[in-house]
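Only the coordinates and a few stated rules stand behind these numbers; no lab work does. Being a predicted model, the structure only gives us computed values, none of them experimental. Glycine also receives a Cβ, built like all others from the backbone with ideal geometry; neighbour counts cover every protein chain displayed.
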Amino acid sequence: MENKKAINRYKLPVPKDRLQRTDRTSSPAHLGNLRNAIDFIADEQTPVLAAADGIVNFVKDSSTAGGSNPMYWDYTNFIVIRHLKGEYSRYDHLSYHSATVKVGQHVRAAEKIARVGMTGYTYLPHLHFQVFCSYWN
């Protein structure tokens, strides 16, 4: 598959002063379609911000389960935002019931959309962030 670059420009999805570090290498789950994801290490309850203007495409924030065992894979809370030119951003490991947006809602870059949590397959509090295109496999 050809490696494509994002068309849109994206902002940090967590406040810079709350960001401890970024990580692209330590998660065993960053394989296949997730290989270009980035983890923003931040404390639980850190605000999660829309990285660009767009329309909320999906929200799941009903899970309370998470941990370092792969059995938690399907328990992640997440939000997907659709941006211009077929790009989407996805925000994973959100805190239980922390979403402040609904499907179909227009959001602006840097708008708070949720909070960092420990849901799904995760080894420490962080925001798993990725950009993908609807035409990518």
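With 18 Å as the limit on Cα-Cα distance, the pairs of Lys16/Lys112; Lys11/Lys112; Lys16/Lys60 that go past it are Lys16/Lys60.
Of the residues His128, His106, the one with the fewest other Cβ atoms within 10 Å heads the list, and the complete ranking is His106, His128. Among Lys85, Lys112, the order by Cβ neighbours within 10 angstrom, fewest to most, reads Lys85, Lys112. Around the amide H of Gly66, modelled in the peptide plane, lie the amide H atoms of Gly120, all under 5 Å away and 5 or more residues distant in sequence or on another chain. Seen from Val101, the other residues with C-beta closer than 14 Å to its C-beta sum to a net charge of +4, counting Lys and Arg as +1 and Asp and Glu as -1. Panel order for Asp23, Asp74, Asp92, by other beta carbons found within 10 Å of each beta carbon, from fewest to most: Asp74, Asp23, Asp92. For the range 24-133, the residue among His128, His106, Ala42 whose Cα projects farthest onto the positive side of the dipole built from Cβ charges is His106. For the range 24-133, a simple Cβ point-charge model (Lys and Arg +1, Asp and Glu -1, everything else neutral) yields a dipole of about 260 debye relative to the Cα centre.
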